[in-house]
Amino acid sequence: MVTIVENAAAAVPAIPDGATVMIGGFGAAGQPVELIDALIQSGATDLTVVNNNAGNGDVGLAALIREGRVRKIVCSFPRQSDSWHFDKKYRDGQIELELVPQGNLAERIRAAGAGIGAFYTPTGYGTPLAEGKEVRVIDGKPYVLEYPLVADYALVKAHQADELGNLIYRKTARNFGPIMAAAAAMTVAQVSYIVPVGDLDPESVVTPCLYVDRLVRVSVPMSVPEPVGAGQ
């Protein structure tokens, strides 16, 4: 059963040093900034972070990296123009990078949630990313063996939740949230609205409450639309 907490600080205090944390978001879209800020305030360090990017500007994941809390980042796109905090840490040898092609990253996370032990993919074959990995020829084509990515915690951002913890996302903010929620031992979700059970259209629920452990409502920006009930 999901636990609804009063604020973001109450959602993340148990995350220990050395934990692996998946953080949703595609750049700024769907990034759970308030949960990341709470993670910074909690003092957790030596973290392994799984995200599509390596932080944008000075907020959210970028701030977590700036504060020296991240030991290793697993991502597909670490070098966007405003990833200056990651860039400095990496050049100074203060952060480890595991670079994963975006499709492989998504599938490795999905595989963890689906209980898949490993899978073969052609992506990365013949490049340094495949060095040391098992290669198998299937129907005349070489494939590289990849393993699932699992996490101790997932921090995700959704648009709406009901009081059971079922989640609905808004547009591109959906991105990695659903598969990360399934791949982590504990999932914390921040949402703009929490509505009574029965108000969400079951056909619109993307992440079932089974995958959500903690839920917190954060302040709603003016640009975020009001929720629409199942009967409206």
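Summary table
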| quantity | calculated |
| --- | --- |
| Residue among Val197, Val137 that is outside any strand (DSSP E or B) and either under 30 Å from Val218 (Cα atoms) or in contact with a Phe, Trp or Tyr (Cβ under 8 Å, 6 or more places away or on another chain) (or both) | Val197 |
| All positions within region 47-95 that are among the polar types (S, T, N, Q) and not in a loop (DSSP other than H, G, I, E, B) | Thr48, Asn53, Asn56 |
| Qualifying residue in region 99-121 (condition: part of a helix (DSSP H, G or I) and of a type in the set (Ser, Thr, Tyr)) | no |
| Answer from Thr207, Thr123, Thr187 - the residue that is surrounded by fewer than 23 Cβ atoms within 10 Å (Cβ to Cβ) and either among the basic types (Lys, Arg) or at pLDDT 95 or above (or both) | Thr123 |
| Tally, over region 87-117, of residues that are open to solvent by 50 Å² or more (accessible area, probe 1.4 Å), small (Gly, Ala, Ser) and more than 21 Å from Thr127 (Cβ to Cβ) | 4 |
| For Ala182: the one exception among (1) within 25 Å of Asn104 (Cα to Cα); (2) in contact with a strand residue (DSSP E or B) (Cβ under 7 Å, 6 or more places away or on another chain); (3) small (Gly, Ala, Ser) | (2) |
| Leu99 in contact with a strand residue (DSSP E or B) (Cβ under 8 Å, 6 or more places away or on another chain), free of Cβ contacts under 8 Å to residues at least 60 places away in the same chain and closer than 16 Å to Tyr153 by Cα | no |
| Candidate set: region 140-166, residues that are farther than 30 Å from Ser219 by Cα and more than 15 Å from the chain's Cα centre (by Cα); chosen: the one most open to solvent (accessible area, probe 1.4 Å) | Tyr147 |
| Verdict on Ala28 being of a type in the set (A, V, I, L, M), more than 22 Å from Ala112 (Cβ to Cβ) and at pLDDT below 95 | yes |
| Failed condition for Ser81, given (1) open to solvent by 10 Å² or more (accessible area, probe 1.4 Å); (2) over 15 Å from the mean Cα position of the chain (by Cα); (3) in contact (Cβ under 8 Å) with a residue 12 or more places away in the chain | (3) |
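The values are calculated or read from the model by the stated rules, or taken from the named source; none is laboratory data. Quick caveat: nothing in here was measured; it's all calculated off a predicted structure. Using ideal geometry, Cβ is built from the backbone for each residue, glycine included, and neighbour counts are taken over all protein chains shown. SASA here: full protein model, heavy atoms, side chains in, ligands and nucleic acids out. Shrake-Rupley method; radii C 1.70, N 1.55, O 1.52, S 1.80 Å.
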